[in-house]
1. Looking at segment 12-52, which of its residues are more than 16 Å from the chain's Cα centre (by Cα) and in a strand (DSSP E or B)?
2. Identify the residue in segment 130-147 that is among the aliphatic types (A, V, I, L, M) and surrounded by 13 or more Cβ atoms within 10 Å (Cβ to Cβ) and, among all such residues, is nearest to the chain's Cα centre (by Cα).
3. Condition first: under 23 Å from VAL3 (Cα atoms) and surrounded by fewer than 16 Cβ atoms within 10 Å (Cβ to Cβ). Now tell me which residues in segment 80-118 satisfy that.
4. Please find, within segment 161-176, the residue that is farthest from the ligand (Cβ to nearest atom) out of those that are surrounded by fewer than 13 Cβ atoms within 10 Å (Cβ to Cβ) and part of a helix (DSSP H, G or I).
5. More than 18 Å from GLU154 (Cα to Cα) and either modelled with pLDDT under 90 or charged (D, E, K, R) (or both) - does that describe any residue in segment 120-135?
6. Somewhere in segment 1-10, is a residue part of a helix (DSSP H, G or I), buried (at least 17 other Cβ atoms within 10 Å of the Cβ), of a type outside the set (S, T, N, Q) and in contact with an Asp or Glu (Cβ under 8 Å, 6 or more places away or on another chain)?
7. With (1) surrounded by 13 or more Cβ atoms within 10 Å (Cβ to Cβ); (2) modelled with pLDDT of 95 or more; (3) charged (D, E, K, R) as the list, and GLU77 as the residue in question, which single condition is left unmet?
8. In contact with a Leu (Cβ under 8 Å, 6 or more places away or on another chain), hydrophobic (A, V, I, L, M, F, W, C) and farther than 22 Å from VAL65 by Cα: which single residue out of ALA127, ALA118, ALA167, ALA171 fits that description?
Amino acid sequence: MHVLVAYASRHGATQGIAERIAQVLETGGVTAQALPAASVKSVAAYDAFVVGSAAYMFHWEKAAVAFVRRNRAVLAEKPVWLFSSGPLGSEAVDAQGRDQRLAAIPKEASEMLVAVNAREHRVFFGAYERDRKPIGIAERFVSIMPAAREAMPEGDFRDWPEIEAWAAGIAAALTEAPAG
Ligand SMILES: Cc1cc2nc3c(=O)[nH]c(=O)nc-3n(C[C@H](O)[C@H](O)[C@H](O)COP(=O)(O)O)c2cc1C
């Protein structure tokens, strides 16, 4: 059993989640490799997939969307799990009382789920460092708007026990004997 954990990350938070998932999968008895989605030339060697992306302005990164679209025929025949790294802060609900995880579901999530018949799409809290170099228009915009900068909680909010438990569940699903 060989699993690809393909990710799209601008600043490393999603990459860290993908790498931890791969480590836990290895501990759970399956070989796993975490690679940037844009760098994957062929998916032929893999038996299952975890695909994750940072969420920016309610969207998955283009590299993750493109990875799923170009490999959808192969992925649809294999077990696939999806994740997003998004909301910031330590509160389950935002200032408007909305569930942060639900609000963070990217616009592409339902298309991705259906395209590859994924088992699940999970939202994990992400990480944000205020003074890092902005990448892309939205981040540049946020970086010059003091109100927007202040509204975005700074810190590493990744919930490692939750991420590890999710990955352990995937390892278990992939190694358990088929029913019957
Ligand atoms: C300009 C900007 C826009 C963002 N938009 C969203 C969003 O729409 N939904 C969300 O859940 N998180 C959003 N975030 C938070 C990031 O997704 C989070 O920081 C993520 O963990 C970053 O991952 P990366 O380091 O792999 O790029 C945004 C962050 C920035 C700086």
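The values are calculated or read from the model by the stated rules, or taken from the named source; none is laboratory data. Quick caveat: nothing in here was measured; it's all calculated off a predicted structure. Positions of Cβ are generated from backbone atoms using ideal geometry, with glycine treated the same way; all protein chains shown enter the neighbour counts.
1. Of everything in segment 12-52, just one residue is more than 16 Å from the chain's Cα centre (by Cα) and in a strand (DSSP E or B), namely THR31.
2. Our first condition is that a residue be among the aliphatic types (A, V, I, L, M); within segment 130-147, this holds for 135, 137-138, 142, 144-145, 147.
Among the residues that remain, those that are also surrounded by 13 or more Cβ atoms within 10 Å (Cβ to Cβ) are: 138, 142.
Numbers: ALA138: 19, VAL142: 22 Å.
The extreme case among them is ALA138.
3. Correct list: SER110, GLU111, VAL114, ASN117.
4. The residue in question is THR175.
5. Taking every residue of segment 120-135 in turn, at least one turns out to be more than 18 Å from GLU154 (Cα to Cα) and either modelled with pLDDT under 90 or charged (D, E, K, R) (or both).
6. Looking through segment 1-10, none of the residues is part of a helix (DSSP H, G or I), buried (at least 17 other Cβ atoms within 10 Å of the Cβ), of a type outside the set (S, T, N, Q) and in contact with an Asp or Glu (Cβ under 8 Å, 6 or more places away or on another chain).
7. (1)
8. Criteria check complete, one pass: ALA171.
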